[in-house]
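The values are calculated or read from the model by the stated rules, or taken from the named source; none is laboratory data. As the structure is a prediction and not an experimental result, all values here were calculated from the model. Here Cβ is always computed from backbone atoms with ideal geometry, including for glycine, and neighbour counts include all displayed protein chains. To get the accessible areas, we keep the full protein, side chains included, count just its heavy atoms, and leave off ligands, DNA and RNA. Shrake-Rupley method; radii C 1.70, N 1.55, O 1.52, S 1.80 Å.
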Amino acid sequence: SPGPIGPIPDLPAGPGPSAAGEQLSQEIAAELSAQSPDPAAQARPAEAGEWRGIVLVTGTDTDVGKTIVTAAVAAAAQAAGLRVAVIKPGQTGIAEGGPTDIDLIRRLAAPHTARTLASYPDPLAPLAAARVANLPPLELYEVVDAIRTEAADHDLVLVEGAGGLLVPMGVRPSG
């Protein structure tokens, strides 16, 4: 995986004091660029207090910071020597252009593995977006299998949800 390359220039600046925010952004970018994950690193035994296994990152709504939290946890875990995978089961709103959540995570944290399982053009809940686009919806067992596959090769697997906790992501095998 390529190392972190700093802030994404195409994203609009948020509200707040720009000088302090810019300085913090530069400090974070410098720290992340100094942390280049070693692709040859092997999984190691867990130490007390470490997050290991599979962690779901979710929130109460869209645009509440799930992607930034996911990137921060991935960067911190890698800095501690863990092999990290990030999975986004369903990415919606890709027709609007711009970077996807996984693109942003790759740029901010450069995890060992980062992938999206399904992408849909409309900015809706993944199940609704699949139906509107006439695309196959996420299927529960396929998502679970993909996550388990990554968990076998990584110390930590971060699964970033879409929208809020109760957003319908896909279907069960029975439909």
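Scan region 155-175 residue by residue and report those that are among the charged types (D, E, K, R) and in a loop (DSSP other than H, G, I, E, B). Within region 155-175, 155, 172 qualify. Quick check: anything in region 93-106 among the β-branched types (Val, Ile, Thr), touching a strand residue (DSSP E or B) at 6+ places or on another chain (Cβ under 9 Å), in contact (Cβ under 8 Å) with a residue 60 or more places away in the chain and open to solvent by 10 Å² or more (accessible area, probe 1.4 Å)? Looking for residues that are among the β-branched types (Val, Ile, Thr), touching a strand residue (DSSP E or B) at 6+ places or on another chain (Cβ under 9 Å), in contact (Cβ under 8 Å) with a residue 60 or more places away in the chain and open to solvent by 10 Å² or more (accessible area, probe 1.4 Å), one finds none in region 93-106, hence no.
Quick check on region 134-175: of everything there that is among the small types (Gly, Ala, Ser) and exposed (fewer than 13 other Cβ atoms within 10 Å of the Cβ), which residue is farthest from residue 93 (Cα to Cα)?
Filtering region 134-175 down to residues among the small types (Gly, Ala, Ser) leaves 146, 151-152, 161-164, 170, 174-175.
Now narrow it down to the ones that are exposed (fewer than 13 other Cβ atoms within 10 Å of the Cβ): 152, 174-175.
Numbers: 152: 30, 174: 27, 175: 24 Å.
The residue in question is 152.
Farther than 22 Å from residue 50 by Cβ, at pLDDT below 95, open to solvent by 30 Å² or more (accessible area, probe 1.4 Å) and out of contact with any His (no Cβ under 7 Å at 6 or more places or on another chain): does that describe residue 124? Here the answer is yes, as residue 124 does meet what is asked.
Regarding residue 113, is this residue within 19 Å of residue 56 (Cβ to Cβ), within 18 Å of the chain's Cα centre (by Cα) and either open to solvent by less than 30 Å² (accessible area, probe 1.4 Å) or without any contact (Cβ under 8 Å) to a residue 24 or more places away in the chain (or both)?
On the way: within 19 Å of residue 56 (Cβ to Cβ): yes; within 18 Å of the chain's Cα centre (by Cα): yes; either open to solvent by less than 30 Å² (accessible area, probe 1.4 Å) or without any contact (Cβ under 8 Å) to a residue 24 or more places away in the chain (or both): no.
No: the conditions fail for residue 113.
Cβ-Cβ contacts under 7 Å between residues 6 or more apart (or on different chains), taken from a first residue in region 133-154 that is under 24 Å from residue 122 (Cα atoms) and assigned to a loop (DSSP other than H, G, I, E, B) to a second residue that is among the hydrophobic types (A, V, I, L, M, F, W, C) and open to solvent by less than 90 Å² (accessible area, probe 1.4 Å), are listed as 136/130; 137/127; 137/130; 137/171.
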